[in-house]
1. From the list 278, 255, 296, pick out the single residue that is modelled with pLDDT of 95 or more, surrounded by 15 or more Cβ atoms within 10 Å (Cβ to Cβ) and under 25 Å from residue 347 (Cβ atoms).
2. Taking only region 333-354 into account, find how many residues are among the acidic types (Asp, Glu), crowded, with 16+ Cβ neighbours inside 10 Å and free of Cβ contacts under 8 Å to residues at least 60 places away in the same chain.
3. Among the residues of region 235-252, write down those that are over 21 Å from the mean Cα position of the chain (by Cα) and polar (S, T, N, Q).
4. Just the residues that are assigned to a helix (DSSP H, G or I) and either touching a helix residue (DSSP H, G or I) at 6+ places or on another chain (Cβ under 6 Å) or closer than 10 Å to residue 193 by Cβ (or both), please, taken from region 99-112.
5. Select from region 113-137 the residues that are polar (S, T, N, Q) and not in a helix (DSSP H, G or I) and write down the one among them that is nearest to the chain's Cα centre (by Cα).
6. Take residue 285 and decide whether it is open to solvent by 10 Å² or more (accessible area, probe 1.4 Å), modelled with pLDDT under 95, of a type in the set (Gly, Ala, Ser) and in contact with a helix residue (DSSP H, G or I) (Cβ under 7 Å, 6 or more places away or on another chain).
7. Going by the conditions given, is residue 231 open to solvent by 40 Å² or more (accessible area, probe 1.4 Å) and either in contact (Cβ under 8 Å) with a residue 40 or more places away in the chain or part of a helix (DSSP H, G or I) (or both)?
8. Enumerate the pairs (first residue in region 56-73 and assigned to a helix (DSSP H, G or I); second residue anywhere and of a type in the set (Ser, Thr, Tyr)) with beta-carbon separation below 6 Å, excluding pairs fewer than 6 apart on the same chain, so at least 6 apart or on different chains.
Amino acid sequence: MQIALEPSSQRSAQAGTRLILCGSALHVMRGLLAGPAPLRGRADYEIVIQPFGFRDAAAFWGVADDPDLAFRIHALVGGTPAYRSMCGILPNEVADFAEWVVRGLFNPDRAIYREGAVLLHEEPSLTDLGLYYSVLSAIAQGAYRRSEIAGVLGRTDNALAHPLALLEQTQLIERVDDAFRQRRPVYRIVEPILRLHQLLIAPNEADLVGGGGARVWEDNIDTVNSKIYGPHFEELSRQWCLWHAEPETLGGRPSTVQSATIACSQHRQGHELDVVVSRRRPTQSNVVLAIGEAKSTTSAVGDRELRRLEHLRELVPSDQYESPPRLILFSRFGFTEELRQSAADRDDVELVDMKRLYAGR
């Protein structure tokens, strides 16, 4: 093939033949064209088909008019288009969601049931699958830093450098820097179906094969809320700021949206910030445009959360903003009337509910 597709080959020019190579393992496909690979320099196009963003996924699945249902589906299976046909008949409303999970995602007869395992098995560079499963499981459980993952696995930090690098290379996880502290990255699972497999399917496989899907879902609803819905809502909030929010909403056009841990001498601990919206400056530190909190709890967000966010704004170093950062509160289940009135009287506070997340700017 290398000889036949030589750019200067007369045979190739006369025949007009095209070779199309397709594959789902991204790092394998990219390796075909990299470095000393035989097909290096012979490709006209390299097309990477990415999963849909959460808004496009909602439209593709036909649930864009129900943001809560769209969010629940996306939190479990993500935006890969092929998964729609693998999941069976879709639920019409949130009331049917649990039944859909049981007959679709928890059904051993469906391909989607094993998709989380297939994603690892199709990557030839991941040889010690037991180790990689353990790393992914630790991240899914909430161990986001390398030291935390090492503690869960009983290994040293250095021993995880290679496994984490390979998982990042295969795009099963992503490495994201802290907004305020360089070289303090966190690791997150990229594909939601992989998180679902690690948290619910793999640990409960015996029950699921035995037809106990409804019991598994009911028994693990706290895990779903804290380990799946919570982190996923935070991620969609960051994506909304980066992809959908108007510059006027954020106080400028963002370059990055990250999470952060910010030190607090008053409380003698670090506070977690779900959203830090920044604009890059050449040769200087980033300018912080806005900070935000994403709440996936079942109660409406009130003035207490706004006061906490105001306190966190006071902790942002003054050399990292040009004007006080705007405050953004995201909530899956809305806001109290008191908070809405407080926000209406201020130009530095934005409230983003599910309707605005999926349709607003």
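The values are calculated or read from the model by the stated rules, or taken from the named source; none is laboratory data. Fair warning: this is a prediction, and the values are worked out from it, not measured in the lab. Cβ: placed from backbone, ideal geometry, glycine included. Neighbour counts: every protein chain shown. Each accessible area value is taken on the protein alone, full model and side chains, heavy atoms only, with ligands, DNA and RNA left out. Shrake-Rupley method; radii C 1.70, N 1.55, O 1.52, S 1.80 Å.
1. Working: 255 fails: surrounded by 15 or more Cβ atoms within 10 Å (Cβ to Cβ); 296 fails: under 25 Å from residue 347 (Cβ atoms).
Within the list 278, 255, 296, the selection yields 278.
2. Here is the first cut: in region 333-354, the residues among the acidic types (Asp, Glu) are 337-338, 345, 347-348, 350, 353.
Those still in the list that are crowded, with 16+ Cβ neighbours inside 10 Å too: 350, 353.
Still in the running and free of Cβ contacts under 8 Å to residues at least 60 places away in the same chain: 353.
Total meeting the criteria: 1.
3. Matches in region 235-252: 249 only.
4. Within region 99-112, 101, 102, 105, 111, 112 meet the criteria.
5. Top of the filtered list is 125.
6. Details: open to solvent by 10 Å² or more (accessible area, probe 1.4 Å): yes; modelled with pLDDT under 95: yes; of a type in the set (Gly, Ala, Ser): yes; in contact with a helix residue (DSSP H, G or I) (Cβ under 7 Å, 6 or more places away or on another chain): yes.
Considered against the rule, which asks whether it is open to solvent by 10 Å² or more (accessible area, probe 1.4 Å), modelled with pLDDT under 95, of a type in the set (Gly, Ala, Ser) and in contact with a helix residue (DSSP H, G or I) (Cβ under 7 Å, 6 or more places away or on another chain), residue 285 comes out as yes.
7. Answer is no for this residue.
8. As it stands, the answer is 67/358, since those pairs meet every condition given.
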